[in-house]
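Chemist: Take this structure, written in structure tokens, and hold onto it; I'll ask about it next.
The values are calculated or read from the model by the stated rules, or taken from the named source; none is laboratory data. Small disclaimer: the values here were computed from a predicted structure and weren't measured. So basically every Cβ, Gly included, is an ideal-geometry build from the backbone, and we count neighbours across all protein chains shown.
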Number of protein chains: 2
Amino acid sequence: MATITDVSRLANVSKATVSRVLTGNRGVRQESREAVLKAVETLNYRPNIFAQSLANEYSNQVAVVLREADVNRLSAHLPQLARGIQAQGLEMTLGFVASSAQIDEQLQRLSQFNPVATIVLGVDDDLSTHDRVIQIGMGEQAIHYDYPFACESAVRYLLSQGHRQIAIWLDDDEPKIRDALLDGYRQALQNQSLPFNRQLVVNGPHDSEQSLLELLNRYLPFSALLVRRDSDAATAIRLLREFNITVPQEVSLMSLEDSPLAVQLCPPLTCIHYPIDSLLDAVLDRLAQLLHKQTRSPQTLLRGNLVIRDSVRTANHR
Amino acid sequence: MATITDVSRLANVSKATVSRVLTGNRGVRQESREAVLKAVETLNYRPNIFAQSLANEYSNQVAVVLREADVNRLSAHLPQLARGIQAQGLEMTLGFVASSAQIDEQLQRLSQFNPVATIVLGVDDDLSTHDRVIQIGMGEQAIHYDYPFACESAVRYLLSQGHRQIAIWLDDDEPKIRDALLDGYRQALQNQSLPFNRQLVVNGPHDSEQSLLELLNRYLPFSALLVRRDSDAATAIRLLREFNITVPQEVSLMSLEDSPLAVQLCPPLTCIHYPIDSLLDAVLDRLAQLLHKQTRSPQTLLRGNLVIRDSVRTANHR
DNA sequence: CTGTTAGCGCATTCAG
DNA sequence: CTGAATGCGCTAACAG
């Protein structure tokens, strides 16, 4: 590989000038600049990032921490994220955490790369105290998704379709999100002066049939079921069918995700769309701001929209 | 951050000795070694990877190139791969390619990290010429999945269930795999002295209803359909249902993937399981061999096994 | 505007 | 077995 010295010799300038041309674009005569650029071209020179990072304070790396449970959902967007990061001249390094408990461990591991920024996706903990952290989640400075709004919208829609007994399946591995969803659920009912029935709320891990069995075992009739994940919806469709309950004829179903799976199921799911794209764009915006030392943007809040498909039917009013 | 100088001072040895203890374990007095190790501990010293990589020829990075189309399938296993790599004291850097055409571009980009090895997943091109490349695919030295075997097994199973008109949906974006599958298909028929009917083979992109419509438009009766991807199976179930053809009552369905989606569908899919786990384990084995400069392992070939669920019924013999 | 110089932290000679 | 010295490639003062 060609080094900066090779370039400087070929361009008849000093290494410092080459460095100036390639990094801080200021204060170089046009003539010299062109000579350098030409030499760079002909030698196909690429700066050695290790030498660069060693000489500088930090590297061209952006650390990205993912919850393993979110990897499936996010992974389809990883290329998008990587491209966005590369568009800013940076590189992406991944760290995986099984649970929030491991976040510090990963952060420390990733610190060996001296990243210019750290992006944390899907971790509930508030990381505002850390420096140069961009977070999607519930933290102080995080990019927020409006879960209450999503849940309220879903319930509101089901109510508009005549449903009165609306069950909701919440997962307990993300307590803050769980609470936010429950808030939205109660809010929607309250706005219509409808009673809140604790029996219609089940907690349980994702994709677990048990949670649903628990609901069925309560012998409480419900005409609609709201779940957070499309995969939960898939589980629900399967299990309900085994109990001879068809979706949407007997029970309407809504999810708060709208992943590719939503259209693959029978019936295709009516959803409040979780806008990963937009969230990641917001992340990239923040990253750009952070690099250019602009003022910190205020808390970002994004909302989902209603996507109507076939898993909701109007309820038979009695 | 503590540097090697700090450690050397605290341990009352020279930087060289510290370096020796931490890398090449040879030729250090037990006494000195312990002093160094203790100093490392108390200072919580971590070598600066940039300085390390600069001084050395190469880095602690392993480059991993993924086809974007495979990201969804592989992503759930990315943490597994990352852990396996980290277990060998290395780090993983990702590169995404939309098509095989971009592979060289990514390889060049990743070369800036001076990776000790490059892992290429799901790219058809033969990369044997490149140095230190570990590949899952069809290349000369690649880790192979036995596609013909998988396809033959599936057809064999369907035949055993009385099916005689077995349609197959192949995708054309991976020609080598397509051909391999077709080989297996023909082989299975040949073994039973059954005729091969070109009309039962459709080509088309993944998740495209058109391919399936094409098949239906041929008005050729078939009692079973074989697809490569679970998502294709999902598409098939949905489309067939819209034509009032139920799975598995009227058409049996098999896939060659068995991803998490396979059990989420109605009916759950009978599959030949594609063993990503094992393939990645094979990759990690190769990586270990490559690091320890052992002899190159012979070509690796892995096979899938039959997973019986509910999407295949015995055919009504006429 | 530009060249010279001095490190960044580490591994690796080469003498002891 | 060990320490001093050298250089990896680059950036950032500091003088001109």
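Chemist: Please list, ordered by first then second residue, the pairs with beta carbon atoms under 8 Å, 6 or more apart or interchain, first in segment B:75-89 and within 12 Å of residue B:277 (Cα to Cα) and at the interface with chain A (Cβ under 9 Å from one of its Cβ atoms), second part of a loop (DSSP other than H, G, I, E, B) and among the aromatic types (Phe, Trp, Tyr).
Modeler: Taking only residues 6 or more apart or on different chains, not a single pair turns up.
Chemist: Right, something else. Give the number of residues within segment A:42-58 that are more than 11 Å from DNA strand D (Cβ to nearest atom) and within 14 Å of chain B (Cβ to nearest Cβ). Step through it out loud before you land on a result.
Modeler: Of the residues in segment A:42-58, the ones more than 11 Å from DNA strand D (Cβ to nearest atom) are A:42, A:44.
Subsequent filtering for residues that are within 14 Å of chain B (Cβ to nearest Cβ) retains A:44.
Looking only at that region, the number is 1.
Chemist: Which of the residues belonging to segment A:20-35 are more than 9 Å from DNA strand C (Cβ to nearest atom) and crowded, with 16+ Cβ neighbours inside 10 Å?
Modeler: Within segment A:20-35, the first condition is being more than 9 Å from DNA strand C (Cβ to nearest atom), and the residues that meet it are A:22-25, A:34.
Correct list: A:22 only.
Chemist: Another question about this same structure. Answer yes or no as to whether residue B:51 is closer than 24 Å to residue A:110 by Cβ, surrounded by fewer than 16 Cβ atoms within 10 Å (Cβ to Cβ) and either within 10 Å of DNA strand C (Cβ to nearest atom) or over 43 Å from the mean Cα position of the chain (by Cα) (or both). Steps first, answer last, please.
Modeler: Values: closer than 24 Å to residue A:110 by Cβ: yes; surrounded by fewer than 16 Cβ atoms within 10 Å (Cβ to Cβ): yes; either within 10 Å of DNA strand C (Cβ to nearest atom) or over 43 Å from the mean Cα position of the chain (by Cα) (or both): yes.
Against the criterion (closer than 24 Å to residue A:110 by Cβ, surrounded by fewer than 16 Cβ atoms within 10 Å (Cβ to Cβ) and either within 10 Å of DNA strand C (Cβ to nearest atom) or over 43 Å from the mean Cα position of the chain (by Cα) (or both)), residue B:51 qualifies.
Chemist: Given the criteria within 20 Å of residue B:108 (Cβ to Cβ), within 11 Å of DNA strand C (Cβ to nearest atom) and not hydrophobic (A, V, I, L, M, F, W, C), does residue B:57 qualify?
Modeler: Values: within 20 Å of residue B:108 (Cβ to Cβ): yes; within 11 Å of DNA strand C (Cβ to nearest atom): yes; not hydrophobic (A, V, I, L, M, F, W, C): yes.
When the stated conditions are applied, residue B:57 passes them.
Chemist: Can I ask one more? Given (1) within 15 Å of the chain's Cα centre (by Cα); (2) touching a residue at least 60 places away in the same chain (Cβ under 8 Å), identify the lone condition not met by residue B:228.
Modeler: With respect to (1) within 15 Å of the chain's Cα centre (by Cα); (2) touching a residue at least 60 places away in the same chain (Cβ under 8 Å), residue B:228 is out only on (2).
Chemist: Quick check: is even one residue across segment A:237-259 under 21 Å from residue A:162 (Cα atoms), aromatic (Phe, Trp, Tyr) and free of Cβ contacts under 8 Å to residues at least 60 places away in the same chain?
Modeler: No, there is no match, as no residue in segment A:237-259 is under 21 Å from residue A:162 (Cα atoms), aromatic (Phe, Trp, Tyr) and free of Cβ contacts under 8 Å to residues at least 60 places away in the same chain.
Chemist: Now, a different point. Here are the criteria: (1) more than 9 Å from DNA strand D (Cβ to nearest atom); (2) at pLDDT 95 or above. Tell me which single one residue B:73 does not satisfy.
Modeler: Of (1) more than 9 Å from DNA strand D (Cβ to nearest atom); (2) at pLDDT 95 or above, only one is false for residue B:73: (2).
Chemist: For segment A:34-54, how many residues are within 16 Å of residue A:17 (Cα to Cα) and of a type in the set (A, V, I, L, M, F, W, C)?
Modeler: 5
Chemist: Going by the conditions given, is residue A:13 in a loop (DSSP other than H, G, I, E, B), surrounded by 17 or more Cβ atoms within 10 Å (Cβ to Cβ) and within 13 Å of DNA strand C (Cβ to nearest atom)?
Modeler: Numbers: in a loop (DSSP other than H, G, I, E, B): yes; surrounded by 17 or more Cβ atoms within 10 Å (Cβ to Cβ): yes; within 13 Å of DNA strand C (Cβ to nearest atom): yes.
Judged against the criteria, residue A:13 is a match.
Chemist: Would you say residue A:10 is assigned by TED's automatic domain parsing to the domain that holds residue A:283 and touching a helix residue (DSSP H, G or I) at 6+ places or on another chain (Cβ under 7 Å)?
Modeler: When the stated conditions are applied, residue A:10 does not pass them.
Chemist: Of the conditions (1) within 16 Å of DNA strand C (Cβ to nearest atom); (2) of a type outside the set (Asp, Glu); (3) surrounded by fewer than 21 Cβ atoms within 10 Å (Cβ to Cβ); (4) more than 12 Å from chain A (Cβ to nearest Cβ), residue B:39 fails just one. Which one is it?
Modeler: Result: residue B:39 passes all but (3).
Chemist: Kindly indicate the residue of segment B:9-20 that is near DNA strand D (Cβ under 10 Å from one of its atoms) and more than 23 Å from residue A:108 (Cα to Cα) and also nearest to the other protein chains (Cβ to nearest Cβ) among those meeting that condition.
Modeler: Filtering first and then ranking leaves B:15.
Chemist: Here is a follow-up. If you go through segment B:99-114 one residue at a time, do you hit one that is touching a helix residue (DSSP H, G or I) at 6+ places or on another chain (Cβ under 8 Å) and farther than 19 Å from residue A:113 by Cβ?
Modeler: no
Chemist: Only residues that are assigned to a helix (DSSP H, G or I) and surrounded by 12 or more Cβ atoms within 10 Å (Cβ to Cβ): list them for segment B:186-198, please. Walk me through how you get there before you give the answer.
Modeler: Step one: of segment B:186-198, the residues assigned to a helix (DSSP H, G or I) are B:186-191, B:198.
Those that are assigned to a helix (DSSP H, G or I) and surrounded by 12 or more Cβ atoms within 10 Å (Cβ to Cβ): B:186, B:187, B:188, B:189, B:190, B:191.
Chemist: In segment B:148-177, which residues are modelled with pLDDT under 95, surrounded by fewer than 17 Cβ atoms within 10 Å (Cβ to Cβ) and farther than 19 Å from residue B:302 by Cβ?
Modeler: B:172, B:173, B:175
Chemist: Which condition number in (1) surrounded by fewer than 20 Cβ atoms within 10 Å (Cβ to Cβ); (2) of a type in the set (Val, Ile, Thr); (3) closer than 30 Å to residue B:22 by Cα is the one that residue B:201 fails?
Modeler: (3)
Chemist: Still on this model: If you take just the strands (runs of 3 or more DSSP E) that sit entirely in segment A:207-297, which of them hold at least 1 residues that are modelled with pLDDT under 95 and surrounded by fewer than 22 Cβ atoms within 10 Å (Cβ to Cβ)?
Modeler: Output list is empty.
Chemist: Considering only residues that are aliphatic (A, V, I, L, M) and part of a helix (DSSP H, G or I), look in segment B:1-10 and name the one that is farthest from DNA strand C (Cβ to nearest atom). Working first, answer last.
Modeler: Quick first cut of segment B:1-10, residues aliphatic (A, V, I, L, M) only: B:1-2, B:4, B:7, B:10.
Now narrow it down to the ones that are part of a helix (DSSP H, G or I): B:4, B:7, B:10.
Values: B:4: 3, B:7: 7, B:10: 12 Å.
Selected residue: B:10.
Chemist: For residue A:100, indicate whether it is surrounded by fewer than 20 Cβ atoms within 10 Å (Cβ to Cβ) and closer than 23 Å to residue B:76 by Cβ.
Modeler: Working: surrounded by fewer than 20 Cβ atoms within 10 Å (Cβ to Cβ): yes; closer than 23 Å to residue B:76 by Cβ: yes.
Answer is yes for this residue.
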